[in-house]
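Here the structure comes first, spelled out in structure tokens, and everything after it is commentary.
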Amino acid sequence: MTSIGIDSGATFTRVWDGQHAVLKVQTRRSYAAYLQFLAETLKEYEPIQTLALALPALFEHGRVMVAPNLDEDWVGKDIEAAIRQVLHITGAILIRQDTEVAGYGIQEHELAELDPTLLVTLSSGVGGALVTKSCVSPLEVGHMVLNLSGESRLCECGQYGCVEADLSGTGIYRHLGTRAEHLEDAAFWSEYGSDLGQFFLVVTALFKLRQILLIGGICQRAPLFLEQARRHLAATLRYVPTPTIRLSRLGDNAGVYGAYRLATQRSS
Ligand SMILES: [Zn+2]
């Protein structure tokens, strides 16, 4: 029997069975369409042993509480029960927040001795997970109110001045009307780098980080901002050593590798 890992972001969903190439498709944002997608895509693997599913959502008692980058019809749904109605799964269904699951991928492949590491997702939203040898903790670093732009911009979550309001793809689009991947303006990206460096300054002091790893679509623009983020951190951080900052080698597959690892650990 096969175990399956799935990582769904606001834009793309990745599926991995541990053998074939990672399948990458557009995320179905409505709940009903998403369930139909799961049923159709995973039918060929039935019976499935363990399924691990990473979603851009917060859960409580197995139900979706907040999913700002998916449609509203996800809120309150018991996804595990719904999946069992449409697919034959003999073992566990593990449903976790996306950044936590990406952290399992990092823990296996990229932690090295740099413990603790903070994984930061720069994508439609901004998320993070603290990764150590012994645990992975999802953190709402995107919703810390640091007001990096100084403009108290409204965040998707309803707060003003969140990191996500300034550094996410959604925030950039809201402010400039252009998607981050289409922005060529060097001055914009230099400022973005400084703001990111200021964000890193706060989290480095908080967790005494040894390493910061980045994933997410905005990382395509890293040559325009990453060095500035490093410079800002080096120029401002004093009390604790400066962490390594780089792009994750797993890239956007960190989540689906982590999901598969979670699924196979549970079924072994
Ligand atoms: Zn927020």
Filter result (surrounded by 14 or more Cβ atoms within 10 Å (Cβ to Cβ), within 21 Å of the chain's Cα centre (by Cα) and in a strand (DSSP E or B)) within region 59-100: Phe59, Arg63, Val64, Val66, Ile93, Leu94, Ile95, Arg96, Gln97
Exception for Asn147 within (1) touching a strand residue (DSSP E or B) at 6+ places or on another chain (Cβ under 6 Å); (2) in the same structural domain as Thr170 (by TED's automatic domain parsing); (3) more than 19 Å from Ala259 (Cα to Cα); (4) surrounded by fewer than 20 Cβ atoms within 10 Å (Cβ to Cβ) falls at (1)
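Residues are listed down the side, and each one gets a yes or a no for (1) under 25 Å from Ala129 (Cβ atoms); (2) part of a strand (DSSP E or B); (3) open to solvent by less than 40 Å² (accessible area, probe 1.4 Å):
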{"position": "Ser3", "(1), (2), (3)": "yes, yes, yes"}
{"position": "Asp7", "(1), (2), (3)": "yes, yes, yes"}
{"position": "Gln19", "(1), (2), (3)": "no, no, no"}
{"position": "Arg28", "(1), (2), (3)": "yes, no, no"}
{"position": "Tyr34", "(1), (2), (3)": "yes, no, yes"}
{"position": "Phe37", "(1), (2), (3)": "no, no, yes"}
{"position": "Thr41", "(1), (2), (3)": "no, no, yes"}
{"position": "Leu51", "(1), (2), (3)": "yes, yes, yes"}
{"position": "Ala54", "(1), (2), (3)": "yes, yes, yes"}
Given the structure, is Thr178 more than 15 Å from Leu233 (Cβ to Cβ) and of a type outside the set (A, V, I, L, M, F, W, C)? yes
Filter region 176-188 down to the residues that are surrounded by fewer than 21 Cβ atoms within 10 Å (Cβ to Cβ) and in contact (Cβ under 8 Å) with a residue 24 or more places away in the chain, then identify the one that is farthest from the chain's Cα centre (by Cα). Ala186
Being under 15 Å from the mean Cα position of the chain (by Cα) and either outside the structural domain of Lys133 (by TED's automatic domain parsing) or in a strand (DSSP E or B) (or both) is the filter; apply it to region 205-247 and report the residue that is modelled with the lowest pLDDT. Ile215
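Condition first: without any contact (Cβ under 8 Å) to a residue 24 or more places away in the chain and acidic (Asp, Glu). Now tell me which residues in region 192-217 satisfy that. Walk me through how you get there before you give the answer.
First, pick out the residues of region 192-217 that are without any contact (Cβ under 8 Å) to a residue 24 or more places away in the chain: 206.
Across region 192-217, there are no qualifying residues.
Please enumerate the residues belonging to region 160-171 that are more than 19 Å from Phe200 (Cα to Cα) and surrounded by 15 or more Cβ atoms within 10 Å (Cβ to Cβ). Talk me through it step by step, then tell me what you get.
So the first thing to find is which residues in region 160-171 are more than 19 Å from Phe200 (Cα to Cα), and the list is 160, 170.
The one that is more than 19 Å from Phe200 (Cα to Cα) and surrounded by 15 or more Cβ atoms within 10 Å (Cβ to Cβ): Thr170.
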Out of (1) within 16 Å of the ligand (Cβ to nearest atom); (2) in contact (Cβ under 8 Å) with a residue 24 or more places away in the chain; (3) over 21 Å from Arg179 (Cα atoms); (4) open to solvent by 20 Å² or more (accessible area, probe 1.4 Å), the one Glu140 does not meet is (2)
List pairs: first in region 242-268 and over 22 Å from Ala92 (Cβ atoms), second polar (S, T, N, Q) and outside any loop (DSSP other than H, G, I, E, B), Cβ under 6 Å, 6+ apart or cross-chain? Pro243/Thr204; Pro243/Gln211; Thr244/Gln211
Any idea which residue in region 214-241 is farthest from Thr90 (Cα to Cα), counting only those that are among the β-branched types (Val, Ile, Thr) and touching a strand residue (DSSP E or B) at 6+ places or on another chain (Cβ under 9 Å)? Ile218
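Pick out the one residue from Gly150, Gly158, Gly197, Gly193 that is more than 16 Å from the ligand (Cβ to nearest atom) and outside any helix (DSSP H, G or I).
Working: Gly158 fails: more than 16 Å from the ligand (Cβ to nearest atom); Gly197 fails: outside any helix (DSSP H, G or I); Gly193 fails: outside any helix (DSSP H, G or I).
Answer to the check: Gly150.
The values are calculated or read from the model by the stated rules, or taken from the named source; none is laboratory data. This one's a predicted model, so the numbers in the text were calculated from it and none came from an experiment. Note that we place each Cβ from the backbone using ideal geometry, even for glycine, and neighbour counts take in every protein chain shown. With ligands, DNA and RNA removed, areas are computed over all heavy atoms of the protein, side chains included. Shrake-Rupley method; radii C 1.70, N 1.55, O 1.52, S 1.80 Å.
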